[in-house]
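Quick notes on the structure that follows.
The values are calculated or read from the model by the stated rules, or taken from the named source; none is laboratory data. Bear in mind that the values here come from a model prediction, so they are computed numbers and not experimental data. Neighbour counts are summed over all protein chains in view; Cβ atoms, including those assigned to glycine, are modelled from backbone coordinates with ideal geometry. Surface accessibility is based on the protein's heavy atoms, side chains included, excluding ligands, DNA and RNA. Shrake-Rupley method; radii C 1.70, N 1.55, O 1.52, S 1.80 Å.
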Amino acid sequence: MSNGFDDFYAIIPAGGTGTRLWPLSREAKPKFLFDLLGQGRTLIQSTFDRLAAIAGMDHVCISTGERHAAAVEEQLPEVAPEHIFAEPAPRDSTAAIALATAVLARRHGNNIVVGSFAADHVIRGKVAFVDAVRQAVETARAGYITTIGIAASRPSTAFGYIHEGQSLADEIPDAPDACIVERFVEKPNAATAQAYLSTGEYRWNAGMFVMRADVLLDHLHQYKPQLARAIDAIADAIIEDDRALAQAQAEAHERGENARETVDVADFHEHRDAAMNKYWQSLEKIAFDYAVAEPLSVEGGVAMIPGDFGWDDIGDFNSVAALLPSVNERNLKVLGNPDQVVTLDSAGDIVVPDANRTVTLLGVNDMVVVDTPDALLIAPRARSQEVKSMVKMLDESGREDLL
């Protein structure tokens, strides 16, 4: 029996380095590969679990960098190799989402619905999340590029905002909470964020987008034609490799062989590699919001579903601390083994003992202490967002070995 998601395919863009979580998160091992909640599953594994429960395991694909593809395959062995799109260089979310969508459309039809959900977000409230995705899929089927807006619980200056407009309930009865997006707003200052919050008309932009494949690709051709043509060429090349792989598997089957054991998918990337070498490096590096969602919202083509579930993008160590349980009565948070942390007259700290040695704190309050084998970070929790500036300084100082 159908669960209403038969035509829905989830894309997990897994990129970025999480510089505000340095020195734990690095270019070679970004934050989505870590278990930041101490629950036994990394962020990308948890994201996959959440989406596979809705769409099915074979309807979830990953878009990540070539240098992270092996780690993703190791953490998610249930994802077929052809569902992992490895990018030779970062080109931001538009290229990542568009390529996966173009390939999925060629494999399964232009009218499928695709949804993009970041690999490194934490979501709590399964029932509310599933309902929001269900309504987003219904709204996408009606032709809207649909985003899920998060309830703004505080006047944050760290997030972009979505200004919600008129209801679409009459037009889309199966998505009673859908509304038009009036506009997307950049990260505001504190006063503006407070003003947004007081109106009750603004939600945080979590970068979740659900849309029909043909709608996305048509708008991409309209707004970013050069990028769209390059994506088409790469997608066509991947489909050529698909055909060659399918033929090799069929021939192996005819010989009575186990195709999974005798045919290596990695041997069928010839056309893909050639197209990537030709087009990828010259692709415009631009976020999906800027390339498609914002210009389309001006035309009334973007809708929003309220997402009334717990959400966090774990943007810094303060966010990590908020999600971890306290290990003592003085609100100490530990990501790792609590036995490796000893405190005296200290409160409100978050400690990451990742260097296999004991960390001791004496008279230290509200601090971040991240101890790794080659780098130690000590900073006030109130300045957690500024860790990114430290990474920039190390980069400018030529310390690529620490990035």
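In this structure, is Arg124 within 24 Å of the chain's Cα centre (by Cα), farther than 29 Å from Ala322 by Cα and surrounded by fewer than 18 Cβ atoms within 10 Å (Cβ to Cβ)?
no
Looking at Asp92, is it at positive phi and in contact (Cβ under 8 Å) with a residue 12 or more places away in the chain?
In short, yes.
Could you give every pair whose Cβ atoms fall below 6 Å, whose first residue belongs to the range 356-380 and is farther than 21 Å from Met390 by Cα and surrounded by fewer than 17 Cβ atoms within 10 Å (Cβ to Cβ), and whose second residue is at pLDDT 95 or above and acidic (Asp, Glu), counting only separations of at least 6 or pairs across chains?
Gly363/Asp345
I'm told Val72 meets every condition in (1) in a helix (DSSP H, G or I); (2) touching a residue at least 60 places away in the same chain (Cβ under 8 Å) except one. Can you identify the failing condition by its number?
In the conditions (1) in a helix (DSSP H, G or I); (2) touching a residue at least 60 places away in the same chain (Cβ under 8 Å), Val72 misses (2) alone.
Select, from Tyr223, Tyr144, the only residue that is touching a strand residue (DSSP E or B) at 6+ places or on another chain (Cβ under 7 Å), of a type outside the set (D, E, K, R) and at negative phi.
Of the residues listed, the single one that is touching a strand residue (DSSP E or B) at 6+ places or on another chain (Cβ under 7 Å), of a type outside the set (D, E, K, R) and at negative phi is Tyr144.
Restricting to the range 138-155, and then to whatever is small (Gly, Ala, Ser) and either out of contact with any helix residue (DSSP H, G or I) (no Cβ under 8 Å at 6 or more places or on another chain) or touching a residue at least 60 places away in the same chain (Cβ under 8 Å) (or both), can you tell me which residue is most open to solvent (accessible area, probe 1.4 Å)?
Only one residue fits best here, namely Ser153.
With (1) farther than 19 Å from Val130 by Cβ; (2) free of Cβ contacts under 8 Å to residues at least 24 places away in the same chain; (3) of a type outside the set (S, T, N, Q) as the list, and Pro23 as the residue in question, which single condition is left unmet?
(2)
Scan the strands (runs of 3 or more DSSP E) fully inside the range 277-378 and keep the ones with 1 or more residues being touching a strand residue (DSSP E or B) at 6+ places or on another chain (Cβ under 8 Å), closer than 30 Å to Leu168 by Cβ and aromatic (Phe, Trp, Tyr).
Output list reads 310-312.
Looking at the structure I just gave you, is Leu402 closer than 19 Å to Trp22 by Cα and either hydrophobic (A, V, I, L, M, F, W, C) or crowded, with 18+ Cβ neighbours inside 10 Å (or both)?
Criteria met by Leu402.
How many of the residues in the range 7-30 are open to solvent by less than 10 Å² (accessible area, probe 1.4 Å) and not in a strand (DSSP E or B)?
4
Here's the yes/no breakdown for (1) hydrophobic (A, V, I, L, M, F, W, C); (2) in a helix (DSSP H, G or I); (3) surrounded by 15 or more Cβ atoms within 10 Å (Cβ to Cβ):
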{"site": "Phe32", "(1), (2), (3)": "yes, yes, yes"}
{"site": "Gly40", "(1), (2), (3)": "no, no, no"}
{"site": "Asp49", "(1), (2), (3)": "no, yes, no"}
{"site": "Asp58", "(1), (2), (3)": "no, yes, no"}
{"site": "Ile62", "(1), (2), (3)": "yes, no, yes"}
{"site": "His68", "(1), (2), (3)": "no, yes, yes"}
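Given the structure, is Asp289 acidic (Asp, Glu) and touching a residue at least 60 places away in the same chain (Cβ under 8 Å)?
Judged against the criteria, Asp289 is a match.
Looking at Leu283, is it closer than 30 Å to Tyr223 by Cα and open to solvent by less than 10 Å² (accessible area, probe 1.4 Å)?
no
Please tell me if Pro77 is outside any helix (DSSP H, G or I), surrounded by 18 or more Cβ atoms within 10 Å (Cβ to Cβ) and at negative phi.
For Pro77, the condition - outside any helix (DSSP H, G or I), surrounded by 18 or more Cβ atoms within 10 Å (Cβ to Cβ) and at negative phi - is not met.
Does the range 301-316 contain any residue that is of a type in the set (Val, Ile, Thr) and more than 30 Å from Val181 (Cα to Cα)?
No: zero hits.
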